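Below is one structure, written out as structure tokens; the observations come after it.
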Amino acid sequence: MGSVAMMVVWLLVTLLLIAGCTYPGPVEPTPTSAPAPAPVSLWDAYRRADATVRTEASDAELVSASTQWQAIDPDRLLETPSYWTFVFFSSSQRTVFDLTADADQVQVVNRTQIWSAPQILEPGRWQEGPRDALSIFLAYGGREFLEAHSEATVSLHLAANEDGKAIWSIAALDVATRETISLQIDAANLQVLTISP
């Protein structure tokens, strides 16, 4: 059997194992729709993540915050997301902490020692949340993109640039076509810094 055929067989077996199809158990009815996860605001998620990380590193400071939507209707993009991920840095431990936060819990999911300190997000207008930045994204072509690419993934990332300014980075990607649109927005004055394509 050729190497290509072996690779195809290996891929099929792997997919079957991942899908749980190796043992045909009883067929259960599939629910018509799962309940939507509860929303959690950036500020609420940040406060709880900050309290959690400080139990491990009292000097931890925020480096970044991110969230994501999959196959989101443009009109629902302004709704509060269901989870956030955060990166914190402890200078005393030279460690970054990755946390996830949803409406129910906050978890430290990773700890990594690093040698050079990242830019820290200073308190500012970003604490009001991403609604204004997302509105700008929709106005600058995001709405049209999401209407044309209903399966697109939208990623929102907040971090400080090399000058220490808080920047909202918003990108939408259609995985099937590889088409994208992205904006960078100054979180303090909501000025659009870059847009592509």
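The values are calculated or read from the model by the stated rules, or taken from the named source; none is laboratory data. This one's a predicted model, so the numbers in the text were calculated from it and none came from an experiment. Please note: Cβ atoms are built from the backbone with ideal geometry, for glycine as well, and neighbour counts cover all protein chains shown.
Might you let me know whether the range 141-153 holds any residue that is assigned to a strand (DSSP E or B), at pLDDT 95 or above and more than 28 Å from Ala60 (Cβ to Cβ)?
Start the filter on the range 141-153 by keeping residues that are assigned to a strand (DSSP E or B), which leaves 153.
Next cut, at pLDDT 95 or above only: 153.
Pick out the ones that are also more than 28 Å from Ala60 (Cβ to Cβ) and you get 153.
Yes, the conditions are met somewhere in the range 141-153.
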Legend entry - Matching entry among His149, His157 (being of a type outside the set (D, E, K, R) and either closer than 23 Å to Ala38 by Cβ or out of contact with any Ser or Thr (no Cβ under 8 Å at 6 or more places or on another chain) (or both)): His157
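Collect the residues in the range 91-113 that are in a loop (DSSP other than H, G, I, E, B) and either free of Cβ contacts under 8 Å to residues at least 24 places away in the same chain or of a type in the set (Gly, Ala, Ser) (or both), keeping them in residue-number order.
Ser91, Ser92, Arg94, Ala103, Gln105
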Inset, instruction - Looking for whichever is surrounded by 14 or more Cβ atoms within 10 Å (Cβ to Cβ) and at pLDDT 95 or above here; the options are Leu134, Leu193. Which one fits? - result: Leu134
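May I ask you to verify whether Pro35 is surrounded by fewer than 16 Cβ atoms within 10 Å (Cβ to Cβ) and in contact (Cβ under 8 Å) with a residue 40 or more places away in the chain?
On the way: surrounded by fewer than 16 Cβ atoms within 10 Å (Cβ to Cβ): yes; in contact (Cβ under 8 Å) with a residue 40 or more places away in the chain: no.
It is false that Pro35 is surrounded by fewer than 16 Cβ atoms within 10 Å (Cβ to Cβ) and in contact (Cβ under 8 Å) with a residue 40 or more places away in the chain.
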Legend entry - Filter result for Glu144 (closer than 25 Å to Val175 by Cβ and exposed (fewer than 14 other Cβ atoms within 10 Å of the Cβ)): yes
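Of all residues in the range 80-90, count the ones that are touching a strand residue (DSSP E or B) at 6+ places or on another chain (Cβ under 8 Å) and in a loop (DSSP other than H, G, I, E, B). Before the answer, list the steps.
Initially, the range 80-90 is screened for residues touching a strand residue (DSSP E or B) at 6+ places or on another chain (Cβ under 8 Å), giving 81-90.
In the following step, the residues that additionally are in a loop (DSSP other than H, G, I, E, B) were identified as 81-82.
Number satisfying all stated conditions: 2.
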Inset, instruction - Go through the residues of the range 100-109 one by one and say whether even a single one is touching a helix residue (DSSP H, G or I) at 6+ places or on another chain (Cβ under 8 Å), farther than 28 Å from Val175 by Cβ and of a type in the set (Val, Ile, Thr). - result: yes
Inset, instruction - From (1) more than 15 Å from Pro74 (Cβ to Cβ); (2) small (Gly, Ala, Ser); (3) more than 15 Å from the chain's Cα centre (by Cα), pick out the condition that doesn't hold for Ser155. - result: (3)
Inset, instruction - Test Leu62 against the criterion of being buried (at least 17 other Cβ atoms within 10 Å of the Cβ), in a loop (DSSP other than H, G, I, E, B) and touching an Asp or Glu at 6+ places or on another chain (Cβ under 9 Å), and give yes or no. - result: no
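Is it true that some residue in the range 9-29 is of a type in the set (A, V, I, L, M), at pLDDT below 90 and assigned to a loop (DSSP other than H, G, I, E, B)? Spell out the reasoning first.
Filtering the range 9-29 down to residues of a type in the set (A, V, I, L, M) leaves 9, 11-13, 15-19, 27.
Now restrict to residues that are at pLDDT below 90: 9, 11-13, 15-19, 27.
From what is left, the residues that are assigned to a loop (DSSP other than H, G, I, E, B) are 27.
Yes, the range 9-29 has at least one match.
Test of understanding: among Gln127, Gln119, Gln191, which residue is over 16 Å from the mean Cα position of the chain (by Cα) and under 18 Å from Ser41 (Cα atoms)?
On the way: Gln119 fails: under 18 Å from Ser41 (Cα atoms); Gln191 fails: under 18 Å from Ser41 (Cα atoms).
Residue meeting the stated conditions: Gln127.
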Inset, instruction - Could you check how many residues of the range 163-178 are surrounded by 17 or more Cβ atoms within 10 Å (Cβ to Cβ) and not charged (D, E, K, R)? - result: 8
